[in-house]
Amino acid sequence: MLVNELVINAFKHAFNSKDSGILEVQLNKKQDQATLIISDNGPGLPDDFDARTDSLGSLLINTVLSQLEAEMDIEDKTGSTFTFHFPLN
């Protein structure tokens with residue numbers, strides 16, 4: 001669900017005015033921890049972006065974060081990068 005939501009958001013927002021773009025999805029495992037990274041080379045997040053809003057997308061992401069006992073980091077430099085760290089139980 002995380003991947004689906006963020007990939008759809010990238011196509012809707014990061015690439016809506018472009019003919020092409022780069023979207024990367026990585027899943028790494030190190031011992032008992034997984035790291036999921038979803039990044040794009042779009043224009044970045046809006047200044048008023050808040051991942052804790054009451055939008056349906058944010059609700060889905062935060063629900064999955066809670067279920068996975070995950071931590072989320074957001075980087076907004078060249079495009080947007082969402083990184084999730086969660087234990088493998």
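Given a 10 angstrom Cα cut-off, can you work out which residue in Asn41, Asn28, Asn62 is the most mobile in a GNM of the chain?
Most flexible of the set in this elastic network: Asn28.
Need one word for the stretch 18-59: rounded, prolate or oblate. Basis is the Cα gyration tensor (sqrt eigenvalues a ≥ b ≥ c); a/c below 1.5 gives rounded, then a/b vs b/c decides.
Numbers: a/c = 2.80, a/b = 1.26, b/c = 2.22.
Here the stretch 18-59 falls in the oblate category.
So for Met1, Met72, fewest C-beta neighbours within 10 Å to most, what's the order?
Numbers: Met1 10, Met72 16.
Ordered from fewest to most neighbouring Cβ atoms within 10 Å, Met1, Met72 come out as Met1, Met72.
Anyone know which of Ile74, Ile38, Ile22 comes out most mobile in the 10 Å Cα GNM of the chain?
Looking only at Ile74, Ile38, Ile22, the largest GNM fluctuation is found for Ile22.
Subtract the Cα-Cα distance of Ala34 and Val3 from 0.36 nm times their separation in residues, and report this length gain in nm to one decimal. Let's see the in-between values first.
On the way: separation 31, 0.36 × 31 = 11.16 nm, distance 1.40 nm.
Gain on extension, Ala34 to Val3, equals 9.8 nm.
Hey, which aspartates and glutamates would be in cross-link range of Lys18, C-alpha to C-alpha under 16 Å, not counting anything within fewer than 8 residues on its own chain?
Within the straight-line limit of under 16 Å, Lys18 reaches these aspartates and glutamates: Asp40.
Mind giving me the nanometre distance, one decimal, between the label points for Lys77 and Val25, set 7 Å out from Cα along Cα→Cβ?
2.4 nm
Please order Asp40, Asp73 by the number of other Cβ within 10 Å, starting at the fewest. Each step should come with its number before you reach the end.
Numbers: Asp40 24, Asp73 11.
Final ranking by Cβ density, sparse to dense: Asp73, Asp40.
Tell me what the chain gives for mean residue ellipticity at 222 nm when only DSSP H runs of n ≥ 4 count, each as -39,500 (n - 2.57), the sum divided by the residue total, rounded to 500 deg cm²/dmol.
Details: 2 runs with 21 residues, N = 89.
Computed ellipticity for the chain at 222 nm equals -7000 deg cm²/dmol.
Any chance you could give the angle, 0 to 90 degrees and rounded to 10, that helix 56-68 forms with the longest Cα principal axis of the chain?
That helix lies at roughly 20 degrees to the long axis.
How much length would be gained if the chain were fully extended between Phe11 and Glu69, taking 0.36 nm per residue of separation minus their Cα-Cα distance, in nm to one decimal?
Numbers: separation 58, 0.36 × 58 = 20.88 nm, distance 2.70 nm.
The Phe11-Glu69 span can extend by a further 18.2 nm.
Throughout, read-outs are computed from the coordinates displayed, never taken from laboratory work. Because the structure is predicted, anything quoted here is derived from the model rather than measured. With ideal geometry, Cβ positions are generated from the backbone for all residues, glycine too; neighbour counts draw on all protein chains shown.
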